[in-house]
1. Do we find that HIS209 is modelled with pLDDT under 90, out of contact with any Pro (no Cβ under 8 Å at 6 or more places or on another chain) and crowded, with 24+ Cβ neighbours inside 10 Å in this structure?
2. Of the conditions (1) touching a residue at least 40 places away in the same chain (Cβ under 8 Å); (2) crowded, with 17+ Cβ neighbours inside 10 Å, ASP434 satisfies every one except a single condition; which number is it?
3. Quick one: which residue in ALA291, ALA282, ALA259 is in contact with a helix residue (DSSP H, G or I) (Cβ under 9 Å, 6 or more places away or on another chain) and under 21 Å from ALA156 (Cβ atoms)?
4. Against the definition (small (Gly, Ala, Ser), under 23 Å from ALA232 (Cα atoms), free of Cβ contacts under 8 Å to residues at least 60 places away in the same chain and open to solvent by less than 10 Å² (accessible area, probe 1.4 Å)), how does ALA190 come out, yes or no?
5. Taking segment 449-466, which residues are touching a Gly at 6+ places or on another chain (Cβ under 7 Å) and surrounded by fewer than 16 Cβ atoms within 10 Å (Cβ to Cβ)?
6. Report whether or not GLY381 is out of contact with any Gly (no Cβ under 9 Å at 6 or more places or on another chain) and either of a type outside the set (A, V, I, L, M) or without any contact (Cβ under 8 Å) to a residue 40 or more places away in the chain (or both).
7. Given the options LEU67, LEU59, name the one that is open to solvent by less than 70 Å² (accessible area, probe 1.4 Å) and modelled with pLDDT of 85 or more.
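The values are calculated or read from the model by the stated rules, or taken from the named source; none is laboratory data. Quick caveat, the model's predicted, so the values are computed rather than measured. Neighbour counts run over all protein chains shown; Cβ positions are idealised from the backbone, glycine included. Heads up: the accessible areas ignore ligands, DNA and RNA and are worked out on the full protein's heavy atoms, side chains in. Shrake-Rupley method; radii C 1.70, N 1.55, O 1.52, S 1.80 Å.
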Amino acid sequence: MTSLAVAHPGSLIQSVDWVAIAPPLIAAVAALAVLVTDLFLPERHKRWLGRLTAAGLALALLALLPLTGGSPRATFCLRNVAGATDTGGCSYVADHFALVFQLLALGGALIAALLSMHTVEDQKLPRGEYWFLLLSSATGAALLPASRDLATMVIALEVASLPAFALVALRRDGRGAEAALKFFVSSVTATAVMLLGIGFVYAASGSLHLGAVAQGLEHAPAQLKALAEAGAVLTLVGFAFKVAAVPFHFWVPDTYTGAPLPVAGYLSVVGKAAGLSGLALATTVAFRPYAHTWGLVLAVLAAVTMTVGNVGALRQRFDTRYSAVRLLAWSSVGQAGYLLVPLAAAGYAPTGADPLGATAAYALIYGVVNLGAFGVVAAVGRRAGTSVDDFRGLFARNRWTALALAFFLLCLAGLPPGVIGLFGKVVVFRAAVDAGLGWLAVVMAVNVVVALYYYLLWTARLFTPADAAADADATADGAERRLPVSLTATLGLTASAAVVLSVAPQLVLQVAGGSLF
């Protein structure tokens, strides 16, 4: 009879590294604090919930600082019978990769919170529910990059996704429910496929921890090879959906249009960051033995995604309602293609460090300028509409808002003076070339040129004189000149960050040159 007794039972008990888990933990505690406070706070004081949310996210961002120096910190690790820690069996690791994507997730959520303050008041959205859902989703998005086993990654992905469905549905004009339904059905289907794939991977490798999965797949029996490969492909479906990669992109235009504008901006940056981090971890760590296979698949996926996104943006009419939001939605699909290029290159590179650094750097740049663009659309939409033609003559009505949007669009296009956008595309382009993916670099170059058309066309609208009636109405109303403090702070923060990064691009591009793991 085998004895299950352990010589030193206390050795199996491990302490939790609270400093390592502080960023997502603080966001989760803030979510609970908002939910409880909402129950007791009088209606006239509930606007403080938004400020509490912003303070919680700012505190979560500050919690990243103690983790920036020294070696990576890990917790929730497996221990063997002797009580020694198996460092490859940790479920949470706060390394450079996790910190970069946690910065993007929590920083993007903070900007979205600032952008949301006027929207919650103007559209009379339920304050307690809105802020609780936003913090909950941000918690999942911050947890995912630090997850190092497939079970934790799925839980983090769902914690990020489920509140997002409700956030989309909070819009009261009827479009929100339809958008949330499309988002929900698409996401649930992708999650079901991903769970099936994880089951296959577990059966073939015998583990859920990413490092152990790689070892298990490498030494899997020949009869399980087909099962393992099918599981790897199906597992990547859920993350590809969050990134909005083709063919999992159909929900994006309708969902962005139907959601409150800050939620659309949040999904375009934070939701994409969560999916991108999960995709990077699954491919470069867990499925490393199949590097050349998923490298080719991601290269094709990147080429198709950027092409479909840019073609969709080109086909968008500027005079239709919500065309500005739909244009940003198709643009985000195209940008997802650029973000996938370094991941594809990681399948061919000797080590995945440099290509992943290019993805992280470009994601940080994209996050700042895209949230800024959504902020300007929200500002203009307060008085006018959200079609691109509503931006005609914006420079004459509010020159600083127009200049901010012009700068954001030029950054997205990769044109001076949006230097940081240009450098970001160069880093991604170089990652493809260095990995020997010359054909993908050519496809990317063609798509960058194609995207210039609609970005410059929108920019030109800002400086085109509007008709006399519109000018007279704008002068009489003057609403665009009196932006709420939260909107002004959002535009000022994102524009200042974009300008600083354009002047000193090394602040973010140095991420592309170092190892993230």
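1. Against the criterion (modelled with pLDDT under 90, out of contact with any Pro (no Cβ under 8 Å at 6 or more places or on another chain) and crowded, with 24+ Cβ neighbours inside 10 Å), HIS209 qualifies.
2. If we test ASP434 against (1) touching a residue at least 40 places away in the same chain (Cβ under 8 Å); (2) crowded, with 17+ Cβ neighbours inside 10 Å, just (2) comes out false.
3. Residue meeting the stated conditions: ALA282.
4. Yes; evaluated as a whole, the condition is true for this residue.
5. THR464, PRO465
6. yes
7. Of the residues listed, the single one that is open to solvent by less than 70 Å² (accessible area, probe 1.4 Å) and modelled with pLDDT of 85 or more is LEU67.
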